[in-house]
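A short write-up of the structure that comes next.
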Amino acid sequence: MSNASLVIANWKMNGNRALTRNMSEVLRDNQADFKGVNVVICPPYTLLSEMAGHIYYDDVALGAQNVSEYESGAHTGEVSVAMLQELGVEYVLLGLSERRAEQHESDQLVAAKAATVTQAGLTAVICVGEDKAQREADNTWSVIQAQLEKSLAGLSATQMARVVVAYEPIWAIGTGETASPAQAQEVHAKIRGWLVENYQQVGAKTPLLYGGSVKANNAESLFSEADINGGLIGGASLNGEDFCAICRAAKG
Ligand code: PGA
């Protein structure tokens, strides 16, 4: 049985106009198979408008891979929440390990962005995860807990109701090495406990996604775990058939 109801595609710096068209057609043609599962597509900024024009059926929403913490002004190269809203964007990915590593995004910056996103009524998808050395040193939970504490700092209960947490072990991202369902569930259960302790009923409902080499052939076993409410999909979201298979697995 699946406990998943949210599947997010993170195209990263991949894709083109042809993929937006192809993906929307494949999703449209297969949507009856995963009715009720919320599907979010996060293409690069330059394809958001194109993708928005193709989403014309239920349960599929548009997401962005990043946003500025500022509302407007002299911030060359940045994109604001209002700009995303104008395109119909409903979700924003924040704190992905690639951005933490390559753009040096700190937990404090993630928190500032999460505040801007949720204040505007959009959903912030906050990513956390340990690297291999941290796992091997048995520090997984202390790393995740610190990221949660700092990345969610200052959010009100109303804002927390617009947060999704994604557990993405860094050693599993783009490597083909997936966390086993039991490994993922162990961390998800701790995240759920922490959320309930800190945000009570709101925390009990926060969707918890697993990300890191989710594929058509391992999605079903991951999604059957009690505290895995869906997936954040990188590589496998670039192929319509593979992505639909993962959405089908979420439907169960
Ligand atoms: P992956 O990426 O599915 O290619 O491992 C996951 C992510 O970083 O969102």
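The values are calculated or read from the model by the stated rules, or taken from the named source; none is laboratory data. Nothing here was measured: the structure is a model prediction, and the numbers come from that model. All Cβ positions, even for glycine, are placed from backbone atoms using ideal geometry, and neighbour counts span all protein chains on display. Keep in mind that these areas ignore ligands, DNA and RNA; they rest on the heavy atoms of the full protein, side chains included. Shrake-Rupley method; radii C 1.70, N 1.55, O 1.52, S 1.80 Å.
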| Using θ = phi - 60° and the Karplus curve 6.51 cos²θ - 1.76 cosθ + 1.60, what whole-Hz ³J(HN,Hα) does each residue of the range 239-251 get, with Gly and Pro shown as x? | 10, x, 5, 4, 5, 4, 4, 5, 4, 5, 4, 5, 5
| query | How many lysine pairs in the range 111-233, separated by 8 or more positions in sequence or lying on different chains, have Cα atoms less than 21 Å apart? | reply | 6
| request: Would you kindly work out the equivalent ellipsoid of the range 8-52 from its C-alpha gyration tensor and give its semi-axes, the square roots of five times the eigenvalues, largest first in whole Å? | output: 19, 12, 8
| Restricting attention to the range 36-88, which chymotrypsin sites (Phe, Trp or Tyr not before Pro) occupy a DSSP loop and are surrounded by at most 15 other Cβ atoms within 10 Å? | Tyr56, Tyr57, Tyr70
| message | Whole angstrom only: what separates the Cα centroid of the range 187-252 from the Cα centroid of the range 74-130? | response | 20
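Tell me the carbon and sulfur percent of the accessible area for the chain, rounded to whole percent, probe radius 1.4 Å. The partial results should precede the final answer.
Numbers: 5240 of 10940 Å².
The computed percentage sits at 48.
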| Considering only DSSP states other than H, G, I, E and B, which GluC sites (Glu not before Pro) in the range 1-100 qualify as loop sites with at most 11 other Cβ atoms within 10 Å? | none
| field | Label zone at Lys150, where the point sits 7 Å out along the Cα-to-Cβ direction: the range 105-122 residues whose backbone N lies under 13 Å | value | 105-112
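Given an 8 Å cut-off on Cα distances and at least 6 residues of separation, report the relative contact order of the chain as a percent. Present the calculation step by step, with values, prior to reporting the outcome.
On the way: 501 pairs, mean separation 63.7, N = 252.
Value for the chain: 25 percent.
What does DSSP give for the chain in terms of the percent of beta bridges that are antiparallel, rounded to the nearest 5? Mind dumping the intermediate values first?
Details: 0 of 29 bridges.
Here the antiparallel bridges make up roughly 0 percent for the chain.
Would you compute, from DSSP H runs of 4+ residues alone, the mean residue ellipticity of the chain at 222 nm, taking -39500 (n - 2.57) per run and dividing by the full residue count, rounded to the nearest 500? Each step should come with its number before you reach the end.
Details: 11 runs with 112 residues, N = 252.
Helices in the chain give a 222 nm mean residue ellipticity of -13000 deg cm²/dmol.
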| Quick one: Debye curve from the C-alpha atoms of the range 108-252, no solvent, what's log10 I(q)/I(0) at q = 0.08, 0.14, 0.19, 0.21 Å⁻¹? | -0.21, -0.65, -1.16, -1.32
| field | Distance (nanometres) between label positions extended 7 Å along Cα→Cβ at Ala182 and Asp33 | value | 3.1
| query | Between Thr178 and residues 5 or more places away or on another chain, which pairs have amide H atoms under 5 Å apart, with H built 1.01 Å from N, and which residues are they? | reply | none
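Quick check: convex hull over the Cα atoms of the range 72-172, volume per residue in Å³, rounded to an integer? Mind dumping the intermediate values first?
Details: hull volume 10.7 nm³, N = 101.
Looking at the range 72-172, the number lands at 105 Å³ per residue.
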| Between Asp138 and His75, 0.36 nm times their residue separation minus their Cα-Cα distance comes to what? | 18.7 nm
| So how long is each side of the range 1-79 along the principal axes, counting just the alpha-carbon atoms, biggest first, in Å? | 48, 30, 20
| request: Give the span of the chain's Cα atoms along each principal axis, as three whole-Å numbers ordered largest to smallest. | output: 47, 44, 34
| said: For a quick check: with amide H placed at 1.01 Å from N, whose amide H comes under 5 Å from Val125's, ignoring anything fewer than 5 positions away on the same chain? | reply: Val92, Leu93, Leu94, Val164
| Looking only at the range 33-52, which residues have a backbone nitrogen under 20 Å from a spot 7 Å from the Cα of Ser5 in the C-beta direction? | 33-41
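Of all GluC sites (Glu not before Pro) in the range 129-208, which ones are in loop regions per DSSP and have a Cβ with at most 13 other Cβ atoms within 10 Å? Let's see the in-between values first.
Details: sites: Glu130, Glu136, Glu149, Glu177, Glu186, Glu197; in loops: Glu130, Glu177.
Taking the range 129-208 and a limit of 13 other Cβ atoms within 10 Å, the loop GluC sites (Glu not before Pro) found are Glu177.
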| message | If I model the range 1-132 as equal point scatterers sitting on the Cα atoms and use the Debye formula, what is log10 I(q)/I(0) at q = 0.10, 0.15, 0.18, 0.20 Å⁻¹? | response | -0.34, -0.75, -1.04, -1.22
